[in-house]
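Step one of this worksheet: look at the structure below.
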Amino acid sequence: MRTLGAYELGRQCKLLLAATVLLIAMPLWGQGQKISAPEFSLTLAGDSIIMTPASVHQSDPKFAALRNVIQQSDAAFTNLEGTFPGRNSCPAAEPRATWISVDPAMLKELQWIGFNLFSNANNHALDFGIDGLLNTMQHMKEAGAVYAGVGENLGEARAPGYLSTAHGRVALIACASTFQHDSPAGQSRPDLRGRPGINPLHHQTRYEVNSETLAALQRLKDDLHLAGATAPAKTPENLSLAFDGGSPVTFAASEQAKIVTSPDANDLAGITLSIKDAREMADYVVVSIHSHEGAPGANALQEPAQFVREFAHAAIDAGADVFVGHGNHALRGIEIYKGKVIFYSLGNFIFENDLVVPQPTEFYDQFGLGADALPAQAFDTRSDHDRKSFPANPLLWRSVVAHVVFRDQHPAEVTLTPITLGFGKPRPDRGYPEVADAKAAQEILENLQKLSQPFGTNIAIKDGVGIITIGR
């Protein structure tokens with residue numbers, strides 16, 4: 001038998017003691033130690049109608065500062081408004097205010113800024129038909145861009161896009177409530193493929209009027225033999241009217257005249273099912289909607305429609321962490337709902353709407369211009385040389401970029417960086433964002449405070465940025 005020396009005996013005793021301490025400590029550590037999720041950050045911006053390269057602005061310190069805000073995030077979102085049509089893509093026949101075709105190289109420019117999450121669900125997704133949409137999707141895939149809201153059928157359009165980051169997996173579900181009739185994707189059947197298109201959220205509108213007005217509408221319907229769903233009645237509780245083969249308009253009896261909107265039940269069920277699935281498949285879930293619709297009244301541009309509010313709450317209830325709206329081109333309020341964040345609209349990020357060329361004949365026809373007219377003439381006619389429409393509304397040229405910090409996988413703080421897009425500048429010089437100067441920043445944030453007050457949201461203003469602290 002070998003006899004252990006004093007040194008080796010001491011060494012083995014120390015190893016035995018260390019192992020004993022570890023065995024005792026392991027159960028206690030397992031019971032009391034909580035592993036925290038790493039901090040995660042998400043930046044969100046509104047609509048991007050991009051016609052010129054972003055990289056040419058890199059020497060502008062106000063743009064560079066904004067790009068730095070975006071690049072500091074794990075994930076960064078924008079709505080890519082437009083399409084990448086191919087040589088065989090033709091402009092859609094259904095009327096549009098603008099047919100937006102984009103050079104595919106602009107996707108790389110948005111990625112250079114720092115965006116890695118894109119919604120393609122908007123009212124311009126099919127400006128160049130199904131072929132243009134399919135071409136757009138192909139370019140998105142080839143660029144490695146994570147996108148959502150469009151697909152070769154309804155199932156694909158509703159499906160989340162997934163982004164993997166060092167601090168967690170992000171799911172994006174995108175839809176639109178503003179679109180042309182030919183834009184929604186179709187459901188596949190066993191015997192027929194689905195139709196490529198967007199993920200739609202249809203909505204219903206009901207006009208509530210007093211009983212006398214409703215009775216008068218019923219007489220009008222009867223006298224003119226208008227289409228509708230209800231039979232004649234002396235005091236009907238509701239009725240529907242349709243003119244010239246158009247969609248029926250619903251009226252209902254009420255003590256107070258008002259307009260009530262609600263999301264389509266089938267669309268809501270389908271979209272929230274995708275959100276619930278994403279909740280199980282990702283660490284963070286973002287839901288996006290492109291919506292022009294606003295609340296009835298003079299401030300419709302800055303107040304969300306009732307059905308959008310209902311959809312936003314349903315999205316959070318289904319598992320979304322952040323809900324982001326866009327499409328109306330102006331800021332709307334912010335709501336903290338069940339500890340999650342709802343941006344009803346982040347307005348514009350890049351807004352080069354008056355540089356979109358070429359345009360089809362139908363665009364020029366809107367302004368009574370012939371085949372010999374050129375783009376500048378059409379844009380000047382549309383805006384009366386910047387005296388009306390988009391160029392004349394300052395609300396469309398001010399916004400914020402939102403930065404959401406998550407701690408333990410819950411939104412903890414929102415930072416709002418005010419931006420300006422060159423209101424009043426000549427057409428080729430406006431549309432790109434810059435960090436707002438002190439005066440403009442204060443005005444933007446104070447307006448956003450007012451828009452958010454109805455939702456009970458407190459936005460603190462400090463050093464030119466807005467801050468929302470979210471409690472647990």
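Descriptive notes on the structure:
- Net lengthening on full extension, residue 111/residue 310 (0.36 nm per residue, minus Cα-Cα): 68.4 nm
- Long-range Cα-Cα pairs in the chain (distance over 45 Å), rounded percent: 21 percent
- Within the same chain, aspartates and glutamates fewer than 8 places from residue 462 are excluded, and of the rest, those with a Cα less than 15 Å from its Cα are 413, 437, 443, 446.
- Highest average first, the peptides 390-403, 314-327 ordered by how many other beta carbon atoms sit within 10 Å of their residues are 314-327, 390-403.
- On the basis of the beta-carbon distance and an R0 of 45 Å, residue 266 and residue 141 show a calculated FRET efficiency of 0.95.
- Here the contact order of the chain, divided by its residue count and restricted to Cα pairs under 8 Å and six or more residues apart, works out to 15 percent.
- Relative contact order of segment 335-387, defined on C-alpha pairs under 8 angstrom at six or more residues apart (%): 21 percent
- Label point distance in nm, residue 97-residue 204, each placed 7 Å from Cα along Cα→Cβ: 2.8 nm
- Helical content alone sets the calculated 222 nm signal of the chain at -9500 deg cm²/dmol, taking -39,500 (n - 2.57) per DSSP H segment of four or more residues and averaging over every residue.
- Shape of segment 415-472, Cα gyration tensor, a/c cut at 1.5: prolate
- The stretch between residue 317 and residue 255, if pulled fully straight at 0.36 nm per residue, gains 19.1 nm over its current Cα-Cα span.
- Helix axis angle, 211-224 relative to the chain longest principal axis, alpha carbon, degrees: 60 degrees
- With the simple spin-label model, which puts each label point 7 Å out from Cα in the Cβ direction, the residue 187 to residue 385 separation comes to 5.5 nm.
- Each residue of segment 151-168 is assigned a 3J(HN,Hα), and the resulting list reads x, 6, 7, 5, x, 5, 5, 7, 5, x, x, 10, 10, 9, 10, 5, 10, x Hz, derived from the Karplus form 6.51 cos²θ - 1.76 cosθ + 1.60 (θ = phi - 60°), x at Gly and Pro.
- Model label sites at residue 361 and residue 55, defined 7 Å from Cα along the beta-carbon direction, differ in position by 3.9 nm.
- Distance between segment 123-192 and segment 350-372 - C-alpha centres, whole angstrom: 26 Å
- Taking amide H positions as modeled 1.01 Å from N, with prolines and chain starts lacking one, the residues under 5 Å from residue 76 and 5 or more places away or on another chain are 43, 116, 117.
- Integer Hz, Karplus 6.51/-1.76/1.60 couplings in order for segment 287-297, x for Gly and Pro: 10, 10, 9, 9, 9, 7, 5, x, 5, x, x
- Ranked by how many other beta carbons lie within 10 Å on average, peptides 281-292, 363-374, 136-147, 328-339 from highest: 281-292, 328-339, 136-147, 363-374
Read-outs: derived from the displayed coordinates by stated rules, not from any lab. Quantities reported herein were computed from a predicted structural model and do not represent experimental measurements. Ideal geometry is used to build each Cβ from the backbone, glycine not excepted, and the neighbour counts take in all protein chains shown.
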